[in-house]
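Working notes, beginning with the structure itself.
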Amino acid sequence: MADKFIYFPKKSRKGFSLVELSVVVIIIGVLAAFGVPRLLQSVERSKASESFKYLASVRAAQERYQARQGTYASDLTELDMEQAPPKYFSVGSVGAGSTGTLEDSWTLTLTRSGASSGYGAYTVTFTEDGYDSATSTIDTEINPQST
């Protein structure tokens, strides 16, 4: 009667329970809910900075042109700039600015083309004074000049 007890080996537990997996999925979902919009905002902000860089280059070239010719250029091809047109924006035409004449004012608007991460179509406008916030429709969340 020595060995009446039968010993069963313990079952080894492999894998995760449904509760553990659910908790992990919920945590990943919460992190994604906060992270994805910030990522999209960052991407759109970098694309918007392309328009500001281009328009700053146009502004500098316009100032050089005005110093030589006594008036601002009505066509961007007349300017001495090597800046390539922006990839994510369509370039409008140069127009007379606040004074109504190209002799002492100008304005140029770029319009966001293509999908914009939920921000819709927006515009960025520069004048002889620089960025024109009154006529630009860019959201402050993605505006590189609003920090």
## Note on the structure
Rg/Rh over Cα atoms for the chain, Kirkwood Rh, comes to 1.52
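Taking the Cα centre of the chain as origin, work out the dipole magnitude from +1 charges on Lys and Arg Cβ and -1 charges on Asp and Glu Cβ, in debye rounded to 20. Show your work: numbers first, answer last.
On the way: 14 positive and 16 negative charges, 337 e Å.
Value, rounded to 20: 1620 debye.
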## Note on the structure
With label points set 7 Å from each Cα along the Cα-to-Cβ direction at Ser57 and Ala115, the distance between them in nm comes to 2.7 nm
### Task
Could you compute the FRET efficiency for Ser133 and Thr101, with r as their C-beta to C-beta distance and R0 at 22 Å, rounded to 0.05?
0.45
### Task
Taking the chain as the reference, fit the longest principal axis to its C-alpha atoms, fit the long axis of helix 18-69 to the helix C-alpha atoms, and give the angle between the two in degrees, 0 to 90, nearest 10.
10 degrees
### Message
Using a Gaussian network model on the chain with a 10 Å cutoff between Cα atoms, which of Ala73, Ala56, Ala115 fluctuates the most?
### Response
Ala115
### Message
Could you tell me the center-to-center distance, by alpha carbons, between the stretch 77-147 and the stretch 22-47 in angstrom?
### Response
30 Å
### Task
Would you list which lysines come within 30 Å of Lys53, measuring only between C-alpha atoms, while excluding same-chain residues fewer than 8 positions from it?
Lys87
## Note on the structure
Lys and Arg at +1, Asp and Glu at -1: neighbours of Arg68 with Cβ under 13 Å from its Cβ sum to -2
### Task
Would you kindly state how much longer the chain becomes between Val25 and Gln41 on full extension, computed as 0.36 nm times their sequence separation minus their alpha carbon distance, in nm to one decimal?
3.3 nm
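For Cα pairs less than 8 Å apart in space and 6+ apart in sequence, what is the mean separation divided by the residue count of the chain, i.e. the relative contact order in percent? Please report the intermediate quantities before stating the final value.
Values: 169 pairs, mean separation 29.7, N = 147.
Answer for the chain is 20 percent.
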### Task
Order by neighbour count: Glu50, Glu78, fewest other Cβ atoms within 10 Å first, most last.
Glu78, Glu50
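Just so you know, all these numbers are worked out from the coordinates, no wet-lab data involved. What you see is a predicted model, and the numbers here were worked out from it, not measured in a lab. Note that we place each Cβ from the backbone using ideal geometry, even for glycine, and neighbour counts take in every protein chain shown.
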